[in-house]
């Protein structure tokens, strides 16, 4: 009997040691990737689904997520080496390329295909029409950023000229727009979710229109990395893109309530009911790309918007700034 317990104890020690060594090996296979996101929003639900459902873990990627609060700041983090991958509007990559940067950023996966902001008013207005903004003031975002340019694109499409028919404020930082509005600035503000829904819950603001529903499809937010990083880390970029596509596919096949449950840990301070209603809003306007492929047609339209806003000196070449190599392989890999 003593020998039995001796052998049993020895077996348990061996099993524990094996588990420890195996665990260390698995952990050592994980590759840390520093991702800087433009802001933290339910608009990016497919990415948070990929994180929380373990799709990045499955690819061996340990994600370190930080928030830049603006595409310009994300690009700064990318170019300074503080981030490996940037998640932002592709307009930032065009600006950098046109400035003559040798090691410019390349867009390798698209996540959203419409503007994700909503026009918020001070009172409910179920019969809202865009003509109602004439003579008013809209807090519109940072000059040169896609949110502001898309808003102006929509206004001009309605024959409403910014600066003449409506005042659009561009001097308020992205992260401070909601606070400025609730503090009494402007008649309208464009906000992403879940901020807009939070204002509705408080009774301090009410969504009256979707900017994305009016603008049409635009490559709004994409994943980008410096050319040199992509060349040296093709396997990492491929695994990262696989995880993104897995998240996109999951969101496409699940309900707003299921999406809310999956992203809840990314938004611990937001009611799950609000998350579900917001996810439904984004599904209803078809905001999320169904796969990570970034088409040339979408790139051309983005530059049309930038030109109309007076923010583009010259057009950038699609073949230089967009690589679909990893996105197309992800489509073949994940069925």
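The values are calculated or read from the model by the stated rules, or taken from the named source; none is laboratory data. Note that this is a predicted model, so its numbers are computed, not measured. A quick note on method: Cβ atoms are made from the backbone with ideal geometry, for glycine too, and the neighbour counts reach across all protein chains shown.
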All positions within the stretch 156-167 that are touching a helix residue (DSSP H, G or I) at 6+ places or on another chain (Cβ under 7 Å) and either under 11 Å from residue 309 (Cβ atoms) or without any contact (Cβ under 8 Å) to a residue 12 or more places away in the chain (or both): 156, 162
Looking at this structure, is residue 313 part of a loop (DSSP other than H, G, I, E, B) and within 14 Å of residue 115 (Cα to Cα)? no
Of all helices (runs of 4 or more DSSP H) completely enclosed by the stretch 18-101, which ones contain at least 1 residues that are outside the structural domain of residue 177 (by TED's automatic domain parsing), in contact with a strand residue (DSSP E or B) (Cβ under 6 Å, 6 or more places away or on another chain) and modelled with pLDDT under 95? 71-79
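Rundown of residues vs (1) buried (at least 19 other Cβ atoms within 10 Å of the Cβ); (2) in contact (Cβ under 8 Å) with a residue 24 or more places away in the chain; (3) in contact with a helix residue (DSSP H, G or I) (Cβ under 8 Å, 6 or more places away or on another chain), yes/no style:
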residue: 71; (1), (2), (3): yes, yes, yes
residue: 80; (1), (2), (3): no, no, no
residue: 84; (1), (2), (3): yes, yes, yes
residue: 89; (1), (2), (3): yes, yes, yes
residue: 96; (1), (2), (3): yes, no, yes
residue: 104; (1), (2), (3): yes, yes, yes
residue: 108; (1), (2), (3): yes, yes, yes
residue: 118; (1), (2), (3): yes, yes, yes
